[in-house]
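*Asks:* First the structure, which I've put down as structure tokens, then a few questions once you've had a look.
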Amino acid sequence: MSKVLTGRKRSHYCGLLNKENAGQEVVLLGWVHIRRDLGGMIFFDLRDRFGIVQVVFNDQSGPEVFARAETVRPEFVVEVLGRVEIRPEGLINKNISSGEIEVAAVDLRILNKAKTPPFYIKDGIDTDESLRLKYRYLDLRRPEMQNNLILRHKVTMAIRNFLDQEDFLEIETPMLTKSTPEGARDYLVPSRVQPGAFFALPQSPQIFKQLLMVAGFDKYFQIVRCFRDEDLRADRQPEFTQLDMEMSFVEVEDVLNFAERMMSEVFRRVLGKSAPLPFPRLTYDEAMGRFGSDKPDLRFGLELVDIADVAAGCGFKVFAGTVESGGWVRGINAKACGKYSRKEIDELAAHAAIYGAKGLAWMIVEEGGEIRSPIAKFFSPEEISIIFQKMGAEPGDLLLFIAADWLTTAESLGHLRQEIARRENLIDPDELNFLWVTDFPLLEYDPEEERWVAMHHPFTSPKDEDLLILQSQPGQVRAKAYDMVLNGMELGGGSIRIHRREVQEQLFALLGFSPEEAYSKFGFLLDAFEYGTPPHGGIAFGIDRIVMLMARRESIRDVIAFPKTKNATDLMTQAPGEVAEKQLHELCIKLDLTQDE
């Protein structure tokens with residue numbers, strides 16, 4: 001049997017050749033990107049992961065080699081032996097790094113043929129994403145996709161190098177663990193050796209990293225796969241990668257200072273752009289009140305303005321009634337948007353309605369200070385003047401108002417300010433606007449389940465000064481929790497953890513767990529707290545989101561090698577799929593499906 005390779009070894013990568021290699025004999029391996037036949041001459045653009053180089057076949061290549069070159073088509077895998085030559089003047093390609101040279105081929109071996117791909121192997125293709133995911137191995141040949149994964153590698157290497165220098169230890173935690181309540185739904189794994197029992201794939205290593213703090217590993221990190229069975233969006237996947245960190249003997253300031261220093265350094269090493277320190281900080285209440293979001297984008301203004309004091313006494317019953325019932329009346333000033341047509345304003349109202357707003361009131365400030373608005377008649381001149389002053393209104397401005405409960409008002413205006421910023425091109429794509437949001441509520445009330453639920457997770461510590469009202473006013477308790485935000489997207493979040501058993505048991509009780517249930521789910525953690533647990537805290541960052549933002553992509557699927565669709569399916573492998581009846585029998589599982597299912 002003949003060898004697939006000739007025995008020659010690759011001497012250079014295609015994209016790394018340049019004029020410094022002129023005169024050298026080289027062996028290249030890769031894929032034929034483009035082929036051009038000019039009769040007596042054939043040109044290949046040969047591609048590997050470092051780029052492309054032009055290969056030339058002519059009469060000097062020899063008749064057998066030239067004949068083989070005539071049979072080659074795009075995406076054939078080939079081996080080329082040739083000599084690097086400077087391109088003739090006027091034929092230099094300034095768009096590629098190897099554009100000053102070409103390789104005059106003296107030998108060619110076809111290592112494998114290729115069918116015509118279902119889409120072009122080039123950047124910027126206008127192809128349905130489902131087709132790209134079905135043939136992901138071809139999609140990943142495209143330079144922009146390869147660059148995304150190379151960027152991802154650089155990010156994780158920068159993180160590991162930084163944390164290693166800071167004396168952190170990377171420690172792996174179990175993939176098969178125990179299903180616990182709170183958070184998203186678990187992915188369950190049936191146990192064959194213990195029929196009827198199930199493992200759960202971890203949503204995060206949260207409990208294990210806390211146990212590592214109990215064990216004395218005071219600086220832990222892990223770049224780890226996590227799993228959540230939840231509804232998906234462009235920035236969500238059923239399996240995702242996070243940087244998980246935990247430290248002992250720290251308070252909030254210690255974690256924030258360290259994490260922002262790390263993130264600034266990672267961006268500097270990978271992109272050559274570092275963010276100034278310290279990062280700005282907003283409390284949760286400030287972020288919601290001023291920007292309508294707990295992950296606000298601060299690259300533009302359009303802050304929410306509270307006009308409840310004016311609305312309370314005005315003649316517009318919607319406003320006055322909302323204030324009386326304890327709701328919010330707030331607005332934003334869309335500067336120079338008074339030019340918007342009624343159709344465009346209706347589009348904004350429809351956008352706000354997505355987030356629960358039942359109406360969008362508006363005023364346009366005309367030249368000379370006149371007002372064009374369907375609600376202006378309900379306000380006195382003095383009230384209009386106060387509103388203009390509060391909102392910094394000038395001729396040409398469009399003032400937009402929403403009156404509803406606080407959350408609906410905040411979220412509707414928060415998304416509305418983003419929509420207006422997008423329409424008016426107010427967002428600088430080159431700006432890195434980092435931000436900390438702190439002091440989140442510890443708990444939020446779930447009216448459907450009629451109980452309190454943890455806003456982050458049930459291991460988050462209350463602020464010391466709020467411990468006294470934990471039982472009497474749980475909704476007013478603030479957490480030692482924090483999120484890092486970049487350009488309106490949450491990069492990561494964390495908290496100082498509860499490290500005393502009695503406090504953890506109080507929180508479990510508030511969440512509706514009986515002592516017996518709490519112990520059955522978390523007894524190993526509660527027991528550990530009795531053996532000298534240090535104060536500790538940490539943070540976890542979404543690697544997929546970080547790389548997506550660095551690569552300026554709209555979806556994290558573009559920075560994951562083999563992602564799932566929004567329906568949590570793999571179009572390439574057709575996972576999830578059915579399994580044999582024998583496998584189900586071994587696991588003591590019997591399916592109870594309707595015919596439609």
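*Asks:* Here is a list: Asp186, Asp231, Asp164. Which entry is charged (D, E, K, R), without any contact (Cβ under 8 Å) to a residue 60 or more places away in the chain and within 23 Å of Ser555 (Cβ to Cβ)?
*Replies:* From the options Asp186, Asp231, Asp164, the qualifying one is Asp231.
*Asks:* In region 507-525, is there at least one residue being assigned to a strand (DSSP E or B), surrounded by fewer than 21 Cβ atoms within 10 Å (Cβ to Cβ) and charged (D, E, K, R)?
*Replies:* No; the residues of region 507-525 include none that is assigned to a strand (DSSP E or B), surrounded by fewer than 21 Cβ atoms within 10 Å (Cβ to Cβ) and charged (D, E, K, R).
*Asks:* When only residues in region 187-244 that are of a type in the set (Phe, Trp, Tyr) and outside any strand (DSSP E or B) count, which is most open to solvent (accessible area, probe 1.4 Å)?
*Replies:* Top of the filtered list is Phe217.
*Asks:* Can you list residue pairs whose Cβ atoms sit under 6 Å apart, with the first residue in region 571-594 being closer than 30 Å to Leu131 by Cβ and the second being open to solvent by 90 Å² or more (accessible area, probe 1.4 Å) and at pLDDT 95 or above? Count only pairs 6 or more apart in sequence or on different chains.
*Replies:* Leu571/Lys134; Met572/Lys134
*Asks:* Restricting attention to region 131-177, and to residues there that are among the acidic types (Asp, Glu) and not in a helix (DSSP H, G or I), which single residue is nearest to Ala197 (Cα to Cα)?
*Replies:* Looking at residues that are among the acidic types (Asp, Glu) and not in a helix (DSSP H, G or I), I get Glu172.
*Asks:* Being more than 26 Å from Leu510 (Cβ to Cβ) and either free of Cβ contacts under 8 Å to residues at least 24 places away in the same chain or surrounded by 22 or more Cβ atoms within 10 Å (Cβ to Cβ) (or both) is the requirement here; does Val485 meet it?
*Replies:* yes
*Asks:* Taking strands (runs of 3 or more DSSP E) that fall entirely within region 259-374, which contain at least 3 residues that are out of contact with any His (no Cβ under 8 Å at 6 or more places or on another chain) and of a type outside the set (S, T, N, Q)?
*Replies:* 328-334, 361-365
*Asks:* Of the conditions (1) free of Cβ contacts under 8 Å to residues at least 12 places away in the same chain; (2) of a type in the set (Ser, Thr, Tyr); (3) surrounded by 15 or more Cβ atoms within 10 Å (Cβ to Cβ), Tyr120 clears all except one; give me its number.
*Replies:* The single condition Tyr120 does not satisfy is (3).
*Asks:* Taking the residues in region 526-543 that are buried (at least 23 other Cβ atoms within 10 Å of the Cβ) and out of contact with any Gly (no Cβ under 7 Å at 6 or more places or on another chain) as candidates, determine which candidate is farthest from Thr156 (Cα to Cα).
*Replies:* Step by step, filter region 526-543, then rank; the result is His536.
*Asks:* With the condition being at pLDDT 95 or above and open to solvent by less than 10 Å² (accessible area, probe 1.4 Å), I'd like the strands (runs of 3 or more DSSP E) fully within region 383-462 carrying at least 1 qualifying residues.
*Replies:* 398-404, 434-438, 443-446
*Asks:* Within the group Ile96, Ile92, Ile110, which residue is at pLDDT 95 or above and either assigned to a strand (DSSP E or B) or open to solvent by less than 80 Å² (accessible area, probe 1.4 Å) (or both)?
*Replies:* Of Ile96, Ile92, Ile110, the one residue that is at pLDDT 95 or above and either assigned to a strand (DSSP E or B) or open to solvent by less than 80 Å² (accessible area, probe 1.4 Å) (or both) is Ile110.
*Asks:* In region 128-148, which residue that is touching a Leu at 6+ places or on another chain (Cβ under 7 Å) and more than 12 Å from Ile560 (Cα to Cα) is least open to solvent (accessible area, probe 1.4 Å)?
*Replies:* Ser130
*Asks:* Here's something else I'd like to know. For Ile364, indicate whether it is under 18 Å from Gly313 (Cα atoms), buried (at least 19 other Cβ atoms within 10 Å of the Cβ) and among the hydrophobic types (A, V, I, L, M, F, W, C).
*Replies:* When the stated conditions are applied, Ile364 does not pass them.
*Asks:* So which pairs qualify, if the first residue must be in region 19-47 and part of a helix (DSSP H, G or I), the second must be open to solvent by 20 Å² or more (accessible area, probe 1.4 Å) and acidic (Asp, Glu), the Cβ gap must be under 7 Å, and the two must be at least 6 apart or on different chains?
*Replies:* If the second residue must be open to solvent by 20 Å² or more (accessible area, probe 1.4 Å) and acidic (Asp, Glu), the pairs left are Lys19/Glu100.
*Asks:* Taking region 265-274, which residues are open to solvent by 10 Å² or more (accessible area, probe 1.4 Å), of a type outside the set (Lys, Arg) and in contact (Cβ under 8 Å) with a residue 12 or more places away in the chain?
*Replies:* Glu265, Val270, Leu271
The values are calculated or read from the model by the stated rules, or taken from the named source; none is laboratory data. From a predicted model like this one, the values you see are computed outputs, not experimental measurements. Note that we place each Cβ from the backbone using ideal geometry, even for glycine, and neighbour counts take in every protein chain shown. When the accessible area is computed, the model is the full protein with side chains, heavy atoms only, and any ligands, DNA or RNA have been set aside. Shrake-Rupley method; radii C 1.70, N 1.55, O 1.52, S 1.80 Å.
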